[in-house]
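Engineer: Please see the structure below; I have some questions.
Please treat every number below as a calculation from the coordinates, not as lab data. Small disclaimer: the values here were computed from a predicted structure and weren't measured. Don't worry about glycine lacking a Cβ; one is built from the backbone with ideal geometry, like all the others, and counts go over all protein chains shown.
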Amino acid sequence: MTQPAVFFDDGKGRLGPLRDLRPIFACRVGALTTVERWSAQFDLAVAAWFVPEELENVARVTATVPVNTMEGVSGRVMLINGRCPVAPADVVSLAAGSVLIEAATGDLIAAHVDASDAEAILRNEEPTLKESAVGGLYLMSKPWHARTFRDRAIDADLQPLMTDLQRLIEPPAGVTLIGEAPPRVAESAKIYPSVIINSESGRVFIDEDAVIRPGAILTGPCYIGRGSTVLEQAHIKANTAIGPVCKIAGEVGGTVIQGYTNKAHDGHLGDSWLGEWVNLGAGTTNSNLLNTYGEVTAVAVPGASREKTGETFFGCVLGDHVKTAIGTQIMTGTVAHTGAMWADPAPMSGCIDRFTWASSKGHRAFRMDKFEEVMRAAMGRRKVEPSGAYVERVRSLSTG
């Protein structure tokens, strides 16, 4: 039986570019967003979204449910923290009237409660409920947690994707299949001869209207999203999830792309997370492993301390509308915030502030009138018109 669910973004953590232009539960950490993953796994019917005030207007544009109100929601609901991309096993046995918290932080992961109690929790009240705690990391709080949860998220996503797609085709003649598990290919997708699909280590899913050009290699587990194109001789390596309407070339491995992003040229991109409307210039290449093979450190937001990420392989996080010039080198652990433009011949490294304009002449702030002009041009190429709420949110980020 379908269970009503309320997803909330509590605004906690230093998630920066993952959350700047969307609620955190709308972030793609695997093949699906968090709200899509939970809904598919637990047969949930999303009844409402709750988001921080600064994201409310943007959320209203994309949401198909009420935002920041429980109007019309009644009975028992699942209340889900959008910072939890992969559900703990304990959620399955969560009894009515119970809440599950992350032991290390005390923050709520999920609750199975009456709608009135869910509303009270969202008002920071404490209704009398049975509480249990789970050890380990379950709630994202730093940009690199997109890398931390990547493999578990992709693994959780591919099973429902493999079973839910109704209309499938067999790959055409001339496509080489390696491994016993056949790829799942949507009927409207197109795969050219000489493509190689290797499913020895995981399944490959090619969604509606995706195009795989000649000579491309796809290694599972991987997901190619709706309307995306994998270009000639591209090598898509394991644990990669490419969102909708992207254009991808070169070597890409262990990377999640939110959507609407161009990496249309050669160059390596590994163990990274990219937002929407990112454009990587020809030859842009990142490092995802230190020469010492040690743990990668990174800075979440400008001015913060450098922290251990817990990862040996971690490339970069590039926020929405980040752009790089030809030949850009991106150092291990780089976090580039929304709207940064890098044309400096020096490598991109550290934590780069929102709307940084970096060139050989120095670093300054991107002029917002010029940024908006470029943003509209880039989105217009995909026949997307930014909403007024989206534009206002972008402007607020430049002054926040």
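Engineer: Report the net charge of residues surrounding GLY259, where surrounding means a beta-carbon distance below 11 angstrom and charges are Lys +1, Arg +1, Asp -1, Glu -1.
Structural biologist: Around GLY259, the surrounding residues sum to +2.
Engineer: Next question, about the same structure. Using all Cα-Cα distances in the chain, what percent lands in each 20 angstrom bin from 0 up to the longest?
Structural biologist: 28, 58, 14, 0
Engineer: Just to confirm a number: summing +1 for Lys and Arg and -1 for Asp and Glu over residues other than PRO244 whose beta-carbon lies under 15 angstrom from that of PRO244, what do you get?
Structural biologist: Summing Lys/Arg as +1 and Asp/Glu as -1 gives +1.
Engineer: With n ≥ 4 as the cut-off for DSSP H runs, can you work out [θ] at 222 nm for the chain, using -39500 (n - 2.57) per run divided by the number of residues, rounded to the nearest 500?
Structural biologist: The per-residue figure over the chain is -5000 deg cm²/dmol.
Engineer: Starting from the Cα gyration tensor of region 316-362, multiply each eigenvalue by 5, take the square root, and state the resulting semi-axes largest first in whole Å.
Structural biologist: Semi-axes (√(5λ), whole Å): 14, 12, 9.
Engineer: I've got another one for you. Under a GNM of the chain (C-alpha, springs under 10 Å), which listed residue has the highest mean-square fluctuation: VAL134, VAL29, VAL204?
Structural biologist: Evaluated over the chain, the most mobile residue of the options is VAL134.
Engineer: When a/c reaches 1.5 or more, the comparison of a/b and b/c decides; with that in mind, is region 3-141 rounded, prolate or oblate per its Cα gyration tensor?
Structural biologist: Because its axes are fairly even, with a/c under 1.5, region 3-141 counts as rounded.
Engineer: Give me the percent of DSSP beta bridges within region 1-143 that run antiparallel, rounded to the nearest 5.
Structural biologist: Around 40 percent antiparallel, to the nearest 5.
Engineer: Still on this structure, I have one more. Ordered by packing density, taken as the mean number of other Cβ atoms within 10 Å over each peptide's residues, highest first, how do 211-222, 104-115 rank?
Structural biologist: 211-222, 104-115
Engineer: If Lys and Arg each add +1 and Asp and Glu each add -1, what is the summed charge of the other residues whose beta carbon sits under 12 Å from the beta carbon of ARG19?
Structural biologist: In short, +1.
Engineer: Given the peptides 191-198, 30-37, arrange them by the average over their residues of other C-beta atoms within 10 Å, most packed first.
Structural biologist: Peptide ranking by packing, descending: 30-37, 191-198.
Engineer: Mind checking which lysines have their Cα closer than 18 Å to the Cα of LYS237? Skip sequence neighbours fewer than 8 apart in that chain.
Structural biologist: Those lysines meeting the cut-off are LYS247, LYS263.
Engineer: Search the structure for amide H atoms under 5 Å from the amide H of HIS235, placed 1.01 Å from N in the peptide plane, and list their residues when 5 or more places away or on another chain.
Structural biologist: Those lying under 5 Å, H to H, from HIS235 are ILE217, GLY250, GLU251, VAL252.
Engineer: Average the reciprocal distances over every distinct pair of alpha-carbons in region 142-264, invert the result, and give the Kirkwood radius in Å.
Structural biologist: 14.0 Å
Engineer: Pull up the cross-link candidates among the lysines for LYS12, meaning alpha carbon to alpha carbon under 28 Å and not fewer than 8 places away within one chain.
Structural biologist: Qualifying lysines at Cα under 28 Å: LYS130, LYS142, LYS308, LYS323.
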